[in-house]
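Notes for the one structure printed next.
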Amino acid sequence: MTAGARHEATGVDATPVGPVSEGGALDSGAPAPPEDRPRVGTAVEEGIAAVAMALICIITFANVVVRYFTNVSFAFTEEFSVFLLVVMTLAGASAAFARNRHIRMEYFVGKLAGGPRRGIEVLVTLCAIALFGGLAFYGFYLFLDDWQYGTTSPGIGVPQWLYTVWLPLFSALIALRILGRLVRLLQGYAR
């Protein structure tokens, strides 16, 4: 059943938000709608996430091999692994928000007609901007506290600000990515 046939049968515009197949799975062959194509590509965020994932894999593999053969552990690497996991998550979230591929629940919203569905999408997008804007704002103050008081990490004693500086930076980037999506969304509704 095509999107047009669904609209005629149900009276609801059931066109998927992104490139999704009839069964609901992602369809890589379908072009993404204009609001899901950011003007600034996501290659940097994807590259950062890939490097962080590769480093986590290398650290974990080295830990397993060393433990197996020597019964000794690189306990200090846990701190790096957790930091890299956070960086990977935030970089991936930035790319996902930019391309409208973030995790969300849209069962009930998908059942709504075009106007209310668009309104809810704009409202949720504004809430996401507020959330990540607040995270960037308070994350910056966390970074300043770590910098000012010389806080060191509990595991290996490096300056804690080396870890906390990435929270406000990535949160601000995510907020900007969501803002860009909101602009594209509103431009699409104006057409």
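At-a-glance table
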item	result
Segment 72-190 - percent relative contact order, Cα under 8 Å, separation 6 or more	35
Mean projection area, nm², convex hull over Cα of segment 127-167	2.9
Part-to-part distance (alpha-carbon centres) for segment 39-82 and segment 101-134, which is given in Å	34
Sorted peptide list for 51-58, 89-96, criterion being average Cβ within 10 angstrom, highest first	89-96, 51-58
Simple label model, 7 Å out from Cα along Cβ direction - GLU106 to VAL122, nm	1.8
Solvent-accessible heavy-atom area per residue, rounded to whole Å², over segment 58-159 at 1.4 Å	67
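The values are calculated or read from the model by the stated rules, or taken from the named source; none is laboratory data. All values reported here derive from a predicted model rather than from experimental measurement. Cβ atoms come from the backbone with ideal geometry, glycine included; neighbour counts cover every protein chain shown. Ligands, DNA and RNA are stripped out before the accessible areas are found, and what is left, the full protein with its side chains, is counted by its heavy atoms. Shrake-Rupley method; radii C 1.70, N 1.55, O 1.52, S 1.80 Å.
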